[in-house]
Amino acid sequence: MALILNIETATKKCSVALAKSGKLIAIKEIAEENFSHAEKLHVFIESLLKENAIDIKELNAVAVSKGPGSYTGLRIGVSAAKGLCYALEIPLIAIDTLEVIARQLVIEHDALIVPMIDARRMEVFARFYDADYKAVSETKAIIIDKDTFNHIDKKMYLIGDGAPKCKEILNTSKFLYCEEIIFPSANEMTAISYEKYQKSDIEDVAYFEPFYLKDFMLNK
């Protein structure tokens, strides 16, 4: 058995979930335009533990969405996760934010899920996943134009807060969109974090940093 706290703050949604052996116990989340993560995150954590009669010392690990995403949002989530892991001497688990988005969609096996995080103007952070949520590309910062993805002949489900701005440009029949914006949620982190916990796929608490992508690419 493993009791894991899952933290997602990479986009406008601040989301925290408690899970036991990969099964959701409870979740608190809110998506706001003004990025209220700093004031909401610790309140959510405390409330979840109290409402479910769980002592913080019972946690076996903390999982955090590692990015890409908002610089400030990622810093808040990762700082909180590292602080808890350090104080409690428990493992830190990092989860790809784009995979968290992808897992909210079920598709046919000959198609692709393309989660997109808005990177301002016509740029998005994106990665391709197959129907089994296996990554089939690297994470990239992509500037969207009418020729983007011309080399791909599969049906593509574009989701995430970066997808809406693609609708007018990428409008052929191979591009499919959700009616509502899908933000990453700690709910989809629960199964991933438990699998990583079982494999001891953990991070060095002292040296772990979020995956900003943009900063990484500018330094290349």
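Under a 10 Å cutoff between Cα atoms, tell me which one of TYR71, TYR86, TYR157 has the largest fluctuation in the Gaussian network model of the chain. Highest fluctuation of the listed residues: TYR86.
Around the amide H of ALA163, modelled in the peptide plane, lie the amide H atoms of MET116, all under 5 Å away and 5 or more residues distant in sequence or on another chain.
In a simple Cβ point-charge model (Lys, Arg +1; Asp, Glu -1; nothing else charged), region 105-177 has a dipole of about 180 debye relative to its Cα centre. Each listed q (0.22 Å⁻¹) maps to a log10 I(q)/I(0) for region 105-177, found by the Debye formula over equal Cα scatterers with no solvent: -0.97. Normalising the average separation of contacting C-alpha pairs (under 8 angstrom, six or more residues apart) by the number of residues puts the relative contact order of the chain at 24 percent. Each of LEU92, CYS166, ILE143 was scored by the projection of its Cα onto the charge dipole of the chain, and the greatest displacement toward the positive side belongs to ILE143; charges sit on the C-beta of Lys, Arg, Asp and Glu. Per-residue 3J(HN,Hα) values for region 64-80, derived from phi via the Karplus relation 6.51 cos²θ - 1.76 cosθ + 1.60 with θ = phi - 60°, read 9, 6, 8, x, x, x, 5, 4, 5, x, 5, 4, 5, x, 5, 4, 5 Hz in sequence order (x marks Gly and Pro). When shorter helices are ignored and each DSSP H run of at least 4 residues is given -39500 (n - 2.57), the per-residue value for the chain at 222 nm works out to -7500 deg cm²/dmol.
Pairs of Cα atoms nearer than 8 Å and 6+ residues apart set the relative contact order; for region 23-90 it is 32 percent.
Throughout, read-outs are computed from the coordinates displayed, never taken from laboratory work. Computed from a predicted structure; not experimentally measured. Virtual Cβ from ideal backbone geometry, glycine too; neighbours counted across all protein chains shown.
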